[in-house]
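**Q** Got a structure for you, questions after.
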Amino acid sequence: MTEADRDPHVDRGVEFERIALDDTSWVDVARGWVAGAEEVGEHLLKEVAWRTSSVYRYDHRVEQRRLAAGWSRGTPLPHPVLAEATRVLQHRYGVTFDGFTMMQYRDGSDGQGFHRDTDMRWLDDTLIAVLSFGAQRPWLLKPVGSPRFDDGFDGRPPARVIDIAPGPGDLLVLGGRCQADWMHSVAYQSGRPLAPRVSIQWRHVKKTGKPHVGTGYAAPRTFGERPNRAR
């Protein structure tokens, strides 16, 4: 049986490239980490019970420009290869995951602006693994405090902005102080005929250092409230 004839699986021979963002933050990138990614992506799009979500902003609710779903231990897996992926990640990084979340970006109008996962609270030493299926989209990183730029993306990121651009089956893992000192984004590409992208995210926090002070992205915001500053 050739590699192409096998069921979707984690290709354990794939090399990991570590990108040092600074002295304390890094990202590992493994291209083609899941073989058979096209089959997995199509299955997830059809079989997962995707749902919309919204956040309260000032005087009304705003629908999030993406769909979401999740998995936790003791519930049916959305695809068997994700069980293998979870085991391999836990072994490689020496952590335990209780579940994972899933996001679907339906087209270029869906995305996420620059943000940090401050809901993890302890940001000094975190691990976030992101596995991609479907369309290749810009996946951007920039340091906290760097100049803002339009969330729209024309393919040329400004200086100090890194585009990982994961394709189907690609894995990226953010570690160290990434959530304290760096922001990430799935850039909007409105008006472009893009196929859906699905991502799986595993998160682990070691609860070292001081917890982040302030509300997370999903917390309600009201008039008269001062925005949280990046810490």
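Please treat every number below as a calculation from the coordinates, not as lab data. Please read all numbers here as calculations on a predicted model, not as lab measurements. In this analysis, Cβ positions are derived from the backbone assuming ideal geometry, glycine residues included, and neighbour counts consider all displayed protein chains.
**Q** Could you please rank THR126, THR52, placing first whichever residue has the fewest other Cβ atoms within 10 Å of its Cβ? If you can, show how the numbers build up before the last one.
**A** Numbers: THR126 24, THR52 10.
Fewest-to-most ranking of THR126, THR52: THR52, THR126.
**Q** How would ILE162, ILE128, ILE200 line up from fewest to most surrounding beta-carbon atoms within 10 angstrom?
**A** ILE162, ILE128, ILE200
**Q** Can you sort PHE16, PHE97 from fewest to most other Cβ atoms within 10 Å of each residue's own Cβ?
**A** Details: PHE16 13, PHE97 20.
Final ranking by Cβ density, sparse to dense: PHE16, PHE97.
**Q** What Kirkwood Rh does the stretch 16-205 have if only Cα atoms enter the pairwise 1/r average? Answer in Å. Walk me through the intermediate numbers first.
**A** Values: mean 1/r = 0.0583 Å⁻¹.
Taking the inverse mean of 1/r over all distinct Cα pairs, the stretch 16-205 comes out at 17.2 Å.
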